[in-house]
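Here is the structure we will look at, set down as structure tokens.
The values are calculated or read from the model by the stated rules, or taken from the named source; none is laboratory data. Given the structure is predicted, the values throughout are model-derived calculations rather than measurements. Note that we place each Cβ from the backbone using ideal geometry, even for glycine, and neighbour counts take in every protein chain shown. Heavy atoms of the whole protein, side chains included, go into the accessibility calculation; ligands, DNA and RNA do not. Shrake-Rupley method; radii C 1.70, N 1.55, O 1.52, S 1.80 Å.
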Amino acid sequence: MTRERPSDLPYPSCAQCAGIGIYAGPDWQYDLEDDLGFDVLKAVILAHGGREMHVKNTPEPATDALGQAKIWMSKRFGAGKIIVHFGPLARKNRVAWLIYTMLRDGASLAQIAEAANTTIRTVGRQKKRLQDMGALPAPDPSNTRRP
């Protein structure tokens with residue numbers, strides 16, 4: 001395996017994660033994405049992911065994506081603390097999304113394993129999971145080898 005290159009991994013949205021059957025965080029993250037867009041959710045996660053975020057009862061006026069999110073959270077939760085999960089930006093979700101997109105585009109398991117900095121076995125297991133759930137076409141039974 002090569003060194004981890006996190007910037008090379010794509011950022012899937014909550015909707016994209018749901019589309020390939022992976023958990024992408026608590027419901028409020030899906031709702032924030034639906035209401036304000038993925039770029040706003042991404043800004044919140046990059047700024048506060050894996051930590052508590054303090055939500056004020058009267059946030060400052062929104063000047064950027066993070067400000068918009070703080071106003072939305074204030075209206076949704078009121079004042080207090082909230083834990084911001086990495087959700088769709090978690091490494092496992094980013095790897096799963098990369099595997100899906102590369103399989104969909106016809107890349108080999110070895111190419112995907114190298115791009116995702118993982119093993120061919122991991123890619124094969126994800127491929128089977130995606131085929132079983134219908135996100136990828138099932139293997140052609142007439143194309144299998146017989147002894």
Taking the Cα centre of the chain as origin and charging only Cβ (+1 Lys, Arg; -1 Asp, Glu), how large is the dipole, in debye to the nearest 20? 680
Considering lysine pairs in the chain that are 8 or more places apart or on different chains, how many have Cα atoms under 17 Å apart? 8
So how strong a dipole does segment 74-147 carry about its Cα centre when Lys and Arg Cβ are +1 and Asp and Glu Cβ are -1, to the nearest 20 debye? 360
Relative contact order of the chain, defined on C-alpha pairs under 8 angstrom at six or more residues apart (%): 27
In a Debye calculation with equal point scatterers on the alpha-carbon sites of segment 40-147 and no solvent, what is log10 I(q)/I(0) at q = 0.14, 0.23, 0.24 Å⁻¹? -0.70, -1.13, -1.20
Go through segment 1-94 and name the chymotrypsin sites (Phe, Trp or Tyr not before Pro) that are in a DSSP coil and have 16 or fewer other Cβ atoms within 10 Å of their Cβ. TYR23
Per DSSP, the loop-located trypsin sites (Lys or Arg not before Pro) within segment 1-88 having at most 14 other beta carbons within 10 Å are ARG3, LYS56
Within segment 1-91, DSSP-loop GluC sites (Glu not before Pro) with at most 16 other C-beta atoms within 10 Å are GLU4
Whole-Å distance linking the alpha carbon centroid of segment 32-47 with that of segment 78-107 is 13
In whole Hz, the Karplus estimates of ³J(HN,Hα) for segment 74-90 (6.51, -1.76, 1.60; θ = phi - 60°; x where Gly or Pro) are 4, 5, 6, 10, x, 6, x, 10, 9, 8, 9, 6, 5, x, x, 8, 4
Counting only residues 5 or more apart in sequence or on a different chain, those whose built amide H sits under 5 Å from that of MET53 are ILE82, ILE83, VAL84
I'd like the Karplus ³J(HN,Hα) series for segment 46-55: coefficients 6.51, -1.76, 1.60, θ = phi - 60°, whole numbers in Hz, and an x wherever there's a Gly or Pro. 5, 7, 10, x, x, 9, 7, 10, 8, 9
Lys/Arg +1, Asp/Glu -1 at C-beta; the chain dipole; positive extreme among THR118, GLY19, GLY78: THR118
Pop out the carbon and sulfur fraction of the accessible area of the chain as a percent, whole number, probe 1.4 Å. 52
What net charge do the residues around GLN16 carry, taking every other residue with its C-beta under 11 Å from that of GLN16, with Lys and Arg at +1 and Asp and Glu at -1? 0
